[in-house]
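Heads up, the thing below is written out as structure tokens.
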Amino acid sequence: MKSPLVLELKGNSLDDGPGIRTAVFFKGCPLSCVWCHNPESKHTEAELSVSLSDCIGCGTCKKVCPQKAADLAQQGIVDRAKCVRCFLCTESCPPKALQRVGREMSIEDIVKKCAADKPFYEVSGGGVTLSGGEPTMFTDWVGELALRLTEEGMRVHLETCGMFDYEKVRGKLLPYVSSIYMDVKIADREAHRKYCGVYNDVILENLRRLFADSGEMGFSLLPRTPLIPEITDTDENLTAIMRLYKEIGITRTELLPYNPTWYGKTEKLGVSVPAELEGVRHWQSSEKLEHCKDIFRSEGIDC
Ligand code: SF4
Ligand code: SF4
């Protein structure tokens, strides 16, 4: 059974599903969105994060690196072509400017850590959120985790990009899930391929199937669209998504305002910012947000 690396267990989360939650972020995603605000979650393997602003210039990394990849004298400190990700430097960097991204955790470790916050889940209608990255890249393992969480009395919420093997997820994960947030980013299949790396046929088919199964299987489904300037927040794209929801029968959605804080994370991983997004390091205006919401509300979709 393929096990994922965990990026973070985020307690007291109010943004990752109903109530107060612990969000478990897994590493690895089948999409490759140019705007990904969790760039550290794109790849399944562990990565080295370098925060230049935290470096105090002590030079320890140069002394411990067996590959001669770390050197204050070079731009970005670490030569990523030489770095073999042994993470020795992360253990000796005093201010944690160098950090390992992604660690192994057992199912029982996660269950135990999440269970410590059960009183908060109970009073708020919260629980545990499986997020990423994309949890369904590890359906067998994540399904076992979801089963164990429900056995311990915790409700499980899934955040997904929708790109998964439906039958497998339906059999192994959905029986233990009480609510789902699913991203619907771009309606046009060619534009989806251009900006997210894959065609959206499977995603849209899975949206239909999740909606159809939600009543019988007892989970709620909320499709959400991240608003990326000039890519997903256009009238054309949002109107096409609204029409799709009308056709399927979906009556509720959520729009996620653009979050420009991801630029810093990308730079720490040594990845360059895509040219399309260089000029938009700012939040959207409230007028723009209201305009986007109106595209759905004007057709009777709660947004
Ligand atoms: S992770 Fe290992 S190889 Fe890479 S810079 Fe650090 S010590 Fe050197
Ligand atoms: S060990 Fe950390 S603080 Fe010291 S030079 Fe290297 S990156 Fe900077």
Can you give the angle from 0 to 90° between the axis of helix 139-151 and the longest principal axis of the chain, with both taken from C-alpha atoms, to the nearest 10? 70
Give me the distance in nm between label points sitting 7 Å out from Cα along the Cα-to-Cβ direction at Ala73 and Leu269, one decimal. 3.1
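How much length is gained if the chain between Leu9 and Val198 is pulled fully straight, taking 0.36 nm per residue apart and subtracting their Cα-Cα distance, in nm to one decimal? If you can, show how the numbers build up before the last one.
Details: separation 189, 0.36 × 189 = 68.04 nm, distance 2.83 nm.
The Leu9-Val198 span can extend by a further 65.2 nm.
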Could you work out Rg/(2.2 N^0.38 Å) for the stretch 144-303, with Rg from alpha carbons only? 1.12
Can you give the FRET efficiency to the nearest 0.05 for Asp302 and Ser53, using r as the Cβ-Cβ distance and R₀ = 35 Å? 0.25
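Mind putting a number on the dipole of the chain about its Cα centre? Charges go on the C-beta only, +1 for Lys and Arg and -1 for Asp and Glu, and I need it in Debye to the nearest 20. Provide the component values of the computation, followed by the final result.
Working: 38 positive and 44 negative charges, 188 e Å.
Computed charge dipole of the chain: roughly 900 debye.
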At a Cα cut-off below 17 Å, give the aspartates and glutamates reachable from Lys112, other chains included and same-chain residues fewer than 8 away excluded. Glu8, Glu104, Glu122, Glu144, Glu151, Glu152
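May I ask which of Lys10/Lys265; Lys168/Lys265; Lys42/Lys268; Lys168/Lys293; Lys172/Lys293 have a Cα-Cα span longer than 23 Å here? Don't skip to the end; give the middle numbers.
Numbers: Lys10/Lys265 17 Å; Lys168/Lys265 33 Å; Lys42/Lys268 14 Å; Lys168/Lys293 34 Å; Lys172/Lys293 35 Å.
Correct reply: Lys168/Lys265; Lys168/Lys293; Lys172/Lys293.
As a test of reading the structure, rank Arg21, Arg148, Arg85 by solvent-accessible area (1.4 Å probe, protein chains only), most first.
Details: Arg21 5, Arg148 50, Arg85 105 Å².
From most accessible down to least: Arg85, Arg148, Arg21.
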Cut-off under 12 Å on the C-alpha distance; same-chain residues fewer than 8 positions from Lys96 excluded. Which aspartates and glutamates are left, in chain and number order? Asp54
May I have the extent of the alpha carbons of the chain along their three principal axes, as whole Å values ordered from largest to smallest? 62, 46, 33
Along Cα→Cβ, 7 Å out, is where each label goes; now give me the distance between the ones at Trp283 and Glu108 in nm to one decimal. 4.5
Range of Cα positions in the stretch 237-303 per principal axis (Å), largest first: 43, 25, 17
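The values are calculated or read from the model by the stated rules, or taken from the named source; none is laboratory data. Keep in mind that this is a model prediction, so the values were computed, not measured. Here Cβ is always computed from backbone atoms with ideal geometry, including for glycine, and neighbour counts include all displayed protein chains. Quick note on the areas: whole protein, heavy atoms, side chains included, nothing else; ligands and nucleic acids left out. Shrake-Rupley method; radii C 1.70, N 1.55, O 1.52, S 1.80 Å.
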